[in-house]
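For reference, the structure is listed below as C-alpha cells.
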Amino acid sequence: MKKAIALFSLAAIIAYVSLYVLNNDKKNEQIADFDAGEEQVEGVEVIVVASEDDEETEQVETTAAVHEVISQAHETLNNITGWDNHNKYKDSTSDEWKGITQSLHSHADRIEAASDLIEGDLKEDLEDFVMITRYAADSHDHSALLYSHRIIHDVDTVYNDKEKSTFNASRLSNWGGSAKRTIERLLGETGSDE
C-alpha cells in the first residue's frame with residue numbers, strides 16, 4: 001500500500017511540476033512539446049490520502065521528482081553540447097538555434113519549478129542554470145550554452161551521486177576559478193543580482 005501511495009505521489013508531483021510550467025510559461029504557447037522520448041504526465045487527478053507517513057512520503061517523492069528533472073535537463077544538454085555538437089551554435093545567427101530554443105526554455109521552466117521545492121546551494125545552482133539557460137536561448141550565446149550544460153552536469157553528477165568528473169561550475173561541485181568567474185559574468189549579462 002505504501003508503495004502505491006509513493007508511486008501515486010510521485011506522479012502527482014511530476015504533474016504539479018508540469019502544470020506549473022504550463023501555467024507560468026511566458027514565451028512558449030505549448031511547453032508540453034518536450035524533446036522526443038521524454039515522459040509527460042497528462043490528466044492526473046490528485047486525491048489526498050491521509051496516513052502517518054504523509055510528510056515523509058511527500059519529501060521522498062519531491063526529492064525523486066527533483067532528481068528526475070535534473071537528469072532530464074542534463075541529458076538534453078549533453079545531446080546539444082556534447083561530442084562537439086556545441087560547435088554548430090558558435091554563430092549566433094545560425095539556424096541551428098531555432099531547433100533548440102524551445103527545448104532550452106522548457107527545461108529552464110521545469111528546473112525553475114523544481115527549484116521552488118528545495119533550498120540551499122542546490123537551489124542557487126538551479127537558479128543560475130535557469131538564468132543562464134534562458135539567456136543562451138534568447139541571445140544565442142555559445143558561452144552561455146556551454147555553461148548551462150556545465151552547471152547542470154555538475155548538479156546532476158553531485159546531487160544524483162554519479163561517478164563523473166565535474167567542471168566546478170556549481171556550488172555543489174566546489175565551484176571556483178574561471179568557471180565561477182564566467183558564470184558570474186554571464187549572470188551579470190542576464191541582469192541577475194548574483
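The values are calculated or read from the model by the stated rules, or taken from the named source; none is laboratory data. Note that the coordinates shown come from a computational prediction; the quantities given were computed from them, not determined experimentally. All Cβ positions, glycine included, derive from the backbone under ideal geometry; neighbour counts span all protein chains shown.
Applying the selection to segment 120-167, what residues are acidic (D, E) and part of a loop (DSSP other than H, G, I, E, B)? Please lay out each step first, then the result.
First, pick out the residues of segment 120-167 that are acidic (D, E): 121, 124-125, 127-128, 138, 141, 154, 156, 161, 163.
Hits for segment 120-167 are D141, D161, E163.
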Do any residues in segment 107-125 that are buried (at least 17 other Cβ atoms within 10 Å of the Cβ) have Cβ atoms under 7 Å from those of residues that are not in a helix (DSSP H, G or I) and not charged (D, E, K, R), where the two are at least six apart or on different chains, and which pairs are they? D109/I31; D125/S170
Of the residues in segment 98-116, those that are over 16 Å from A144 (Cβ atoms) and in a helix (DSSP H, G or I) come to K98, G99, Q102, S106, D109, R110, E112, A113, A114, S115
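State whether the residues of segment 72-80 include one that is crowded, with 18+ Cβ neighbours inside 10 Å, under 15 Å from the mean Cα position of the chain (by Cα) and among the acidic types (D, E).
no
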Between a first residue in segment 138-151 that is closer than 19 Å to S106 by Cβ and touching a residue at least 60 places away in the same chain (Cβ under 8 Å) and a second residue that is buried (at least 24 other Cβ atoms within 10 Å of the Cβ) and among the aliphatic types (A, V, I, L, M), which pairs have beta carbons less than 7 Å apart while being 6 or more apart in sequence or on different chains? L145/A136; S148/L77; S148/I132; S148/A136; H149/L77
For E124: the one exception among (1) modelled with pLDDT of 95 or more; (2) under 16 Å from L77 (Cα atoms): (2)
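What are the residues in segment 55-79 that are at pLDDT 90 or above and farther than 21 Å from S115 by Cβ, if any?
Step one: of segment 55-79, the residues at pLDDT 90 or above are 66-79.
If the condition is that a residue be at pLDDT 90 or above and farther than 21 Å from S115 by Cβ, then N79 is the only one that fits.
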